[in-house]
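Undergrad: Below: one structure in structure tokens.
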Amino acid sequence: MENTGLHSSHGAHSGIFSFLTENLGEFGHFLDEVVIHGLLEALMLIPFLYLTYLLMEFIEHKASDKTRAAMAKAGRLGPLVGAPLGAIPQCGFSTVASNLYTGGVITLGTLVSVFLSTSDEMLPIFLAGNVDIVVVLLIIVYKIIVAIAAGFVIDLALKLLGKDEVKRNIDDICEEEGCHCERGIFLSALHHTVTVWLWCLAVILALNSLVFFVGTEHLAAIVPDIPVISHLICAVIGLIPNCAASVALSELALSGVISVGEMMAGLFSAAGVGLFVLFKMNKSKRENWLVVLLVLLVGTVFGAVADLIPVFKL
């Protein structure tokens, strides 16, 4: 079977990886690409998850009412901070944003802005592919600008419609998870981290298996050469809650299978495991599906717009 896993984007095998593929054949290849790399990817989420929950516990148990009020007031400017942070090429910040939104720390617009700006593996893949650094930077800046604008528009629309943010607090999460916060913020944050991480690990392994057995070349076959429709399909592919989505989209754009705009449509909605964490932790499924629809809409529209801009050519 052809190597279709994530590891193909990150260099040659070494150590245990070489032993598995050379001595166990196809099964060893599966263990390497799906299990080991899935576990490593999931392990990278642990510090993001733990620090997020630790911050939330600190806010709940240690911060004064004055500090909370200041954070809530500053929250309306969240897209200006969230979008640039989301553009950093890693899979963890979208999970941070999902948890902070669930805990009532950031607004819906800020959450969407983080999801939209997330690029995950696009930056290192494009740099490794010798793409003009100016083009790479323009893609990132474009995504950040769109994400900031969308975040502010969403928050403004909610305010004008009288749909104020649902008042949450971290106690809601604690009650649902049964974390026994009286044990202290460190153990409570650890409880939340372990619970969510196990779910993330299960999803990552399942999705890595799909990529391994199906292959990115078959994913490309489902993208028709029809403007807007193709952008929408790529945006849907981007919803896969895993870094594999951004890897596949970036590789397909580098190989010329899809356009830069189609890739960007997928990257706008490629929030890593952030969406999965949102559905796991936020009790309002209506809000969760609204987030999905918003990133799909923005991704499709501004991905198609990007293909009309001459500078976005590889």
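Undergrad: Can you work out which of the residues in region 276-289 that are touching a residue at least 24 places away in the same chain (Cβ under 8 Å) and surrounded by fewer than 20 Cβ atoms within 10 Å (Cβ to Cβ) is nearest to the chain's Cα centre (by Cα)?
TA: To start, the set of residues in region 276-289 that are touching a residue at least 24 places away in the same chain (Cβ under 8 Å) comprises 276-278, 280-284, 287.
Okay, now just the ones that are also surrounded by fewer than 20 Cβ atoms within 10 Å (Cβ to Cβ), so 280, 283-284, 287.
Values: K280: 14, K283: 19, S284: 19, E287: 17 Å.
Only one residue tops the list, namely K280.
Undergrad: Could you figure out which of (1) at pLDDT 80 or above; (2) in a helix (DSSP H, G or I) isn't true of I106?
TA: That leaves (2) as the condition not met.
Undergrad: Could you say which residue among V247, V260 is modelled with pLDDT of 90 or more and among the β-branched types (V, I, T)?
TA: Working: V247 fails: modelled with pLDDT of 90 or more.
So the residue among V247, V260 that is modelled with pLDDT of 90 or more and among the β-branched types (V, I, T) is V260.
Undergrad: What number of residues within region 248-262 are free of Cβ contacts under 8 Å to residues at least 40 places away in the same chain and surrounded by 24 or more Cβ atoms within 10 Å (Cβ to Cβ)?
TA: The total comes to 2.
Undergrad: May I ask you to list the residues in region 109-134 that are surrounded by fewer than 21 Cβ atoms within 10 Å (Cβ to Cβ) and either β-branched (V, I, T) or modelled with pLDDT of 85 or more (or both)? Outline the logic, then answer.
TA: Step one: list which residues in region 109-134 are surrounded by fewer than 21 Cβ atoms within 10 Å (Cβ to Cβ), which gives 123-124, 127-134.
Answer for region 109-134, where residues must be surrounded by fewer than 21 Cβ atoms within 10 Å (Cβ to Cβ) and either β-branched (V, I, T) or modelled with pLDDT of 85 or more (or both): V131, D132, I133, V134.
The values are calculated or read from the model by the stated rules, or taken from the named source; none is laboratory data. The model shown is predicted, which means the values in this text are computed figures rather than measured ones. Cβ coordinates were reconstructed from backbone atoms using ideal geometry, including for glycine residues, and neighbour counts include every protein chain displayed.
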